[in-house]
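Working notes, beginning with the structure itself.
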Amino acid sequence: MLAVRTFLFQPFSIPSGSMLPTLHIGDNLLVSKSAYGFNRYSFPFDLVPIHRRIFASEPRRGDIVVFRFPPQPEVPYIMRVIGLPGDTVQMRNGRVMLNGAELPLERVGEFNADGHSTTIYRETLPSGRNYRVLDITENSFGDNTRLYEVPPGHYFMLGDNRDNSADSRSIAGYVPFEYLVGKAVWIYWNTEGDLDSARQDLTMQ
């Protein structure tokens, strides 16, 4: 079990609502540590001093990734990769503009967030990968942003709960490749009691 946790999979518990409606507070999932290769952040307590990533493989747009929070590298965060190195990303009226093109949004249902009903949208990437997002408040701080140009070796992350996420639009900034821990691949506990739907949301990405 120690070898599995060290080299293959790591359990992770969702600490906040930044990934609603895909992931709920208290959900438990497995993170594939081999998905993007290994470095010092891949191992417990950062005990292995690997300063360059080995067996490296880059994430795809739409991957849900656990990474070390750039302002506080000892803290793990989980968000979705939206921008790859060289991409431009901007929010306009709550819509994601990726390399100058607006990502399609389709209204798919309602969600109860903090006692208020809000709309669930399905957002689709140029590759066809899609996932659900929330936009709780119109004209919130992150609905209209400057144009971000993702630098080499970095990624632009967004939470699926677009109005309640400390992501690359704010304090997280661009996330360096070496800060990636792994890819979320399997939910084994869902606080809503609906594992089938939760797993479908995760694998649909």
Q: Quantify, in whole percent, the carbon and sulfur part of the accessible surface of segment 63-205 (1.4 Å probe; protein heavy atoms only).
A: 48
Q. Say R0 is 30 Å: what FRET efficiency, to the nearest 0.05, do Asn139 and Arg60 get from their beta-carbon distance?
A. 0.45
**Q.** Gain on full stretching of the segment that runs from Ser170 to Ser16 - 0.36 nm per residue minus C-alpha separation
**A.** 53.8 nm
Q) Counting other Cβ atoms within 10 Å of each Cβ, which trypsin sites (Lys or Arg not before Pro) in segment 137-179 have at most 15 and sit in a DSSP loop? A) Arg146
Q) Where nothing but the Cβ of Lys and Arg (+1) and of Asp and Glu (-1) is charged, how large is the charge dipole of segment 60-104 around its Cα centre, in debye to the nearest 20? A) 100
Q. Using 7 Å Cα-to-Cβ label points, what is the His116/Asn28 separation (nm, one decimal)?
A. 3.3
Q. Label Asn99 and Leu147 with points 7 Å out from Cα along Cα→Cβ: what is the distance between them in nm?
A. 1.5
Q | Given charges at beta-carbon only (K, R positive; D, E negative), |dipole| of segment 65-205 in Debye | A | 340
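For the pair Thr124 and Leu8, what calculated FRET efficiency results from E = 1/(1 + (r/R0)^6), where r is the Cβ-Cβ distance and R0 = 45 Å, to the nearest 0.05?
Step by step, r from the Cβ atoms, then E = 0.90.
The values are calculated or read from the model by the stated rules, or taken from the named source; none is laboratory data. From a predicted model like this one, the values you see are computed outputs, not experimental measurements. Quick reminder, even Gly has a Cβ in these numbers, built from the backbone with ideal geometry, and neighbours come from all protein chains shown. These area figures cover heavy atoms from the full protein model, side chains too; ligands, DNA and RNA do not enter into them. Shrake-Rupley method; radii C 1.70, N 1.55, O 1.52, S 1.80 Å.
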